[in-house]
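Single-structure report; data block below.
The values are calculated or read from the model by the stated rules, or taken from the named source; none is laboratory data. A quick note: this is a predicted structure, and the numbers were derived from the prediction, not measured. In this analysis, Cβ positions are derived from the backbone assuming ideal geometry, glycine residues included, and neighbour counts consider all displayed protein chains.
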Amino acid sequence: MARAHHRCDLSYSAQQGSSFSRATDAPPAGYQFALGGFDGFRQVNGVLATSATQNTTLSTGGAAVLPLGLRLNATFRRTRASRGPLRTDQQVAIP
């Protein structure tokens, strides 16, 4: 009797970023090391970012080699993105 082989992969990634047009100083360490969550990227020292983005991706996949030389593959990926451009004195998220 042949033995089935299985494999499963899982990965998660997150990216955050922002741009400032009126900032003249180097950003604080909390900004540079991504401490404080997404809100820390949207505003630095009271200055709102002209744009801010946050992207997360969850991917999973698996494969199984079945008897009779059959192979079964499955993949799934979910991506979420949030952008917030500056509108007058506040940021508005764009879905």
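Of a type in the set (Phe, Trp, Tyr) and within 14 Å of ARG83 (Cα to Cα), is that true of PHE38?
yes
Exactly one condition in (1) modelled with pLDDT of 85 or more; (2) assigned to a loop (DSSP other than H, G, I, E, B) is not met by LEU10; state its number.
Failing condition for LEU10: (2).
Listed here are the residues, each with its yes/no results for (1) under 23 Å from ARG78 (Cβ atoms); (2) surrounded by 14 or more Cβ atoms within 10 Å (Cβ to Cβ); (3) out of contact with any Ser or Thr (no Cβ under 9 Å at 6 or more places or on another chain).
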site	(1), (2), (3)
ASP9	yes, no, no
TYR12	yes, no, no
SER18	no, yes, no
TYR31	no, yes, no
THR50	no, yes, no
THR60	yes, yes, no
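Out of curiosity, is GLY30 touching a Gly at 6+ places or on another chain (Cβ under 6 Å) and either modelled with pLDDT under 80 or part of a strand (DSSP E or B) (or both)?
No: the conditions fail for GLY30.
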